[in-house]
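Scroll down for the structure; my scribbles are underneath it.
What follows is calculated from the coordinates using simple rules that are stated; it is not laboratory data. What you see is a predicted model; the values in this text were computed from it and never measured. Please note: Cβ atoms are built from the backbone with ideal geometry, for glycine as well, and neighbour counts cover all protein chains shown.
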C-alpha cells in the first residue's frame with residue numbers, strides 16, 4: 001500500500017513539475033516572442049541557436065536562415081567582434097556591450113547596440129549567451145542631429161562671442177577716443193577760462209535768455225560788485241553800483257540784446273558806447289552775439305578802459321586848438337595889416353607897393369587856408385566833424401554859391417553856367433556849411449585849373465531811380481593825368497601837373513570833401529582826361545522827414 | 001550920439017587896426033585888454049555892442065559872458081577870436097553871443113559890416 005501511495009505521490013509530483021516546467025517554457029516563449037528587442041540564443045562557439053520574431057522583423061532573415069550560423073556573418077566589424085567574443089567567453093563580466101553595424105538580409109545596414117548576457121552553469125563555466133540587438137539608427141540619427149545642432153549652435157555662439165568681443169573692442173576704442181576728446185575739451189575749457197580770467201578787459205557772458213552767466217575778475221573790479229551774487233539774474237534786473245545801472249541802460253539799447261536771436265546772429269560789428277564810471281574812469285562798453293549755427297546762444301559784453309585814450313584825445317584836442325590859435329594869431333595880424341594897407345586905410349600907397357602887398361596877402365591867405373585844412377582834418381579823424389544837419393533844398397546851397405563866383409569867373413575870362421533840374425522841392429539832409437564847402441571846393445578847383453577862355457558848367461540833376469541828387473562841376477581845364485587819378489582823394493595829394501602850375505592848394509581839400517560827402521551817405525567821384533577837362537560829381541540821398549530824423553540819430 | 005563899441009582883446013596890433021576902421025565909420029571905440037578890464041569898462045561905458053576875444057590873460061571871453069549872464073547884462077556880443085571849435089561856438093551861442101568871427105577868415109572891413117548889421121537889428 002505504502003509503495004503505491006508513494007508512487008502515486010511521485011507521479012503526481014512529476015506531473016505537477018511537468019506542468020510547471022511547460023508553464024515556465026511557455027512563459028519564456030511568450031516573452032521572447034513579444035519582446036520588442038532582437039533576441040538571439042548563442043552557443044559558446046558563437047553559433048546562433050534561436051532567434052526571436054523581433055529579430056526576424058528587423059533583420060529580414062527568417063529564423064531558419066540564421067540558425068547554425070556564426071554571429072560574425074551578420075556584423076561588419078570583424079575585428080571588434082572577435083575581441084567582443086573573447087570577452088564574452090572569458091566570463092569576466094556577465095553583461096557585455098558593444099556597438100556594431102548589422103547587415104540585413106537585403107544588404108541594408110544599420111547601426112546596432114549589441115548586448116551579451118553570459119549563461120553560466122553551476123560550476124561557473126560559460127555555456128552560451130543571450131544576444132540582444134537594438135537598432136540604434138534613429139538613436140544615432142537623433143544623436144547626430146543633436147550633435148549637429150549643438151555644433152551649429154556652438155559655432156553660432158562662437159561667432160556671436162567674436163562679434164561681442166569685436167564690439168567690445170570697438171567700444172573700448174570709442175571710449176578711449178571719447179576720453180581723449182573729453183580731455184582735449186577740458187584742456188580747451190581750462191585755456192579759455194584762464195584767458196577770460198586773466199583778460200585785461202572786463203568780460204561778462206550772458207546766456208540766450210539774457211541772464212548773466214559769468215564775469216571775469218576784471219569785470220568785477222570795474223563794476224565794484226560781487227559777480228557771484230548776480231549770476232542768473234536777467235540783464236534788466238542787474239543791480240549794484242550806479243555804474244552797473246548805467247552800463248545796463250547802455251546794453252539794453254544794444255542790438256546784440258534784441259529779442260529775436262536769429263536776427264541778432266546777423267549783427268556783425270560790435271556796437272560800442274562810452275560810459276563814465278564817476279570817478280575819473282571811462283569805460284567802452286561793447287556787446288557781440290555768441291553764435292552757434294544760425295542763432296545767437298548768448299552775448300559777450302566787454303568793458304574796455306579807455307580812460308587813457310580819452311585823456312590823450314582830450315590832450316590832442318586841446319593841443320590842436322591851441323596850435324590853431326597860436327598859428328592864426330600872427331596870420332590874422334598879417335592879414336589885417338596887409339588888407340588895410342592895400343585898401344589905403346593906413347595911408348596912400350603907390351601902384352607898385354599895392355601889387356607887392358597884394359601878392360603877400362595872397363600868400364598869407366594860402367597859409368591861413370592850410371591851417372584851416374589841418375584843423376579840419378584833425379577833427380575828421382576824431383570823428384567829430386559833422387555838427388549841424390538840416391533838411392535843405394540843394395538848390396538853396398548851389399544857386400547863391402555859383403552867383404557869388406560869377407564875378408571872379410568873368411575876371412578870369414571863364415564862362416560859368418548853372419544848369420538845374422526843373423523840380424524844386426528836392427530835400428537832402430545836410431550840414432549846410434559843410435556841403436557848401438564841398439561845392440565851393442569843386443568850383444574853386446575848376447576855376448583854378450581852367451585857363452582863360454574855358455568853360456565851367458555846374459549841374460544839379462535829379463536821379464529818380466536812385467532817389468538821389470547829383471551835383472557835378474564840369475570844366476574844360478587841364479584835367480588829371482591817368483596815372484594820378486587813383487590817389488586824387490587821398491590826404492596831401494596833388495597831381496603832378498598841378499604842382500607844376502604853382503597854384504594854391506594844401507592837398508587836403510578833396511580828402512575833406514570825400515569825408516564830408518561820405519558821412520552824409522553820398523558818393524563822390526570824377527571823370528578826367530589830361531588837357532581836355534574834368535567833371536567832378538557828388539550825390540546826396542533825398543530824404544523825407546522821417547529819414548531825416550533817422551539820419552540825425554546816426555550822427 | 002555915436003554908437004559905442006567896446007573891444008575886449010589882448011592883441012595890440014589887431015585892436016589898433018580895428019579901432020582905426022571903426023572910428024572911420026563914426027563909432028566911439030573903447031578898448032580893454034582882458035576880461036577883468038573889460039567888465040569894468042562895460043559897467044563904466046555901457047557900450048551898444050561888444051567885440052569879445054576868447055583867449056586873454058587874467059580872464060577870458062567865456063568867463064566874461066558867464067559874468068554878464070549872471071548879472072543879467074544884455075549887451076549884444078560878437079566873438080572875434082582865432083580859436084573856434086564847434087563845441088565852443090555852440091556854448092557861446094547858449095551864453096548869448098550873436099556871432100563868432102574867426103580873425104583869419106574875416107578882415108576889419110568885414111568885421112565892420114557885421115557890427116553895422118548887428119547894431120541896426
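Show me A:407-416, A:35-44 ranked by packing, highest mean number of other Cβ atoms within 10 Å first. Walk me through the intermediate numbers first.
On the way: A:407-416: 14.8, A:35-44: 16.9.
For the peptides A:407-416, A:35-44, the packing ranking is A:35-44, A:407-416.
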Inset, instruction - Could you list B:13, B:31, A:469 in order of exposure, starting from the residue whose Cβ has the fewest other Cβ atoms within 10 Å? - result: B:13, B:31, A:469
Inset, instruction - Working from Cα positions, state the angle (0 to 90°, nearest 10) between the long axis of helix A:307-342 and the longest principal axis of chain A. - result: 20
Inset, instruction - Return A:405, A:27 ranked ascending by Cβ neighbour count within 10 Å, so the fewest neighbours appear first. - result: A:27, A:405
Legend entry - Choice from B:101, B:39, B:52 with maximal GNM fluctuation in chain B (Cα, 10 Å cutoff): B:39
Inset, instruction - Considering Cα pairs under 8 angstrom that are at least six residues apart, work out the relative contact order of the range A:12-135 and quote it in whole percent. - result: 24
Legend entry - Percent RCO, i.e. relative contact order, over the range A:310-381, from Cα pairs under 8 Å lying at least 6 residues apart: 39
Legend entry - Shielding by other protein chains, B:82-92, mean Cβ within 10 Å: 4
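Among A:487, A:162, which comes first, second and so on when ranked by fewest other beta-carbon atoms within 10 Å? The partial results should precede the final answer.
Details: A:487 13, A:162 10.
Going from least to most buried by this count: A:162, A:487.
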Inset, instruction - Rounded to the nearest 10 degrees, what's the angle between the helix A:394-411 long axis and the longest principal axis of chain A, both from Cα atoms, 0 to 90? - result: 50
Inset, instruction - Over the whole of A:322-335, what's the average partner chain Cβ count within 10 Å per residue? Rounded to a whole number, please. - result: 5
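With the contact rule set at Cα under 8 Å and sequence spacing of 6 or more, what percent relative contact order holds for chain A?
Details: 790 pairs, mean separation 36.0, N = 555.
It rounds to 6 percent for chain A.
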Inset, instruction - Kindly express, to the nearest 10 degrees and within the range 0 to 90, the angle between helix A:545-554's C-alpha long axis and the longest C-alpha principal axis of chain A. - result: 80
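As a check on your grasp of the helix formula, calculate [θ] at 222 nm for chain A: sum -39500 (n - 2.57) over DSSP H runs of n ≥ 4, divide by the residue count, round to the nearest 500. The partial results should precede the final answer.
Working: 15 runs with 271 residues, N = 555.
Helix-only estimate at 222 nm: -16500 deg cm²/dmol.
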Legend entry - Rounded if a/c under 1.5, otherwise prolate or oblate - the range A:52-152, Cα gyration tensor axes: oblate
